[in-house]
Amino acid sequence: MGKLEANHVVKSVTAFIAVIYIICVLLVFIAPTITLSVFSKWLHGIDILQIAKQPTLVDTGIGFITAISSAALASLLFVYLWNQYESKKEVKP
């Protein structure tokens, strides 16, 4: 497949995470009980309805920034490791 371009991967992954985050935030603000009920199913028996609180705009902003930052760092690590393995791959004639 070849080496990956870090800039393209980071932009793609962070954009994807941003879209997912915005959808999630909108669902929590519009229909919190239904959304949290669905999310509880994904957490294998943890009832987050018991511990959830209504997020503030500050919570949402901090969550967005940390989600994007984490996605960018994970993307950079992925590209670095991919390119390291790709450069050591055996060339078969």
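Tabulated results
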read-out	value
Those residues of segment 1-46 which are farther than 26 Å from residue 77 by Cβ, surrounded by 12 or more Cβ atoms within 10 Å (Cβ to Cβ) and hydroxyl-bearing (Ser, Thr, Tyr), in sequence order	35, 37, 40
Test for residue 77: is it farther than 30 Å from residue 7 by Cβ, of a type in the set (A, V, I, L, M, F, W, C) and open to solvent by 70 Å² or more (accessible area, probe 1.4 Å)	no
Members of segment 48-66 found to be more than 25 Å from residue 13 (Cα to Cα) and surrounded by 12 or more Cβ atoms within 10 Å (Cβ to Cβ), listed by number	48, 49, 52
Identity of the residue in segment 48-93, part of a loop (DSSP other than H, G, I, E, B) and at pLDDT 85 or above, that ends up farthest from residue 20 (Cα to Cα)	51
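The values are calculated or read from the model by the stated rules, or taken from the named source; none is laboratory data. Bear in mind that the values here come from a model prediction, so they are computed numbers and not experimental data. Here Cβ is always computed from backbone atoms with ideal geometry, including for glycine, and neighbour counts include all displayed protein chains. Keep in mind that these areas ignore ligands, DNA and RNA; they rest on the heavy atoms of the full protein, side chains included. Shrake-Rupley method; radii C 1.70, N 1.55, O 1.52, S 1.80 Å.
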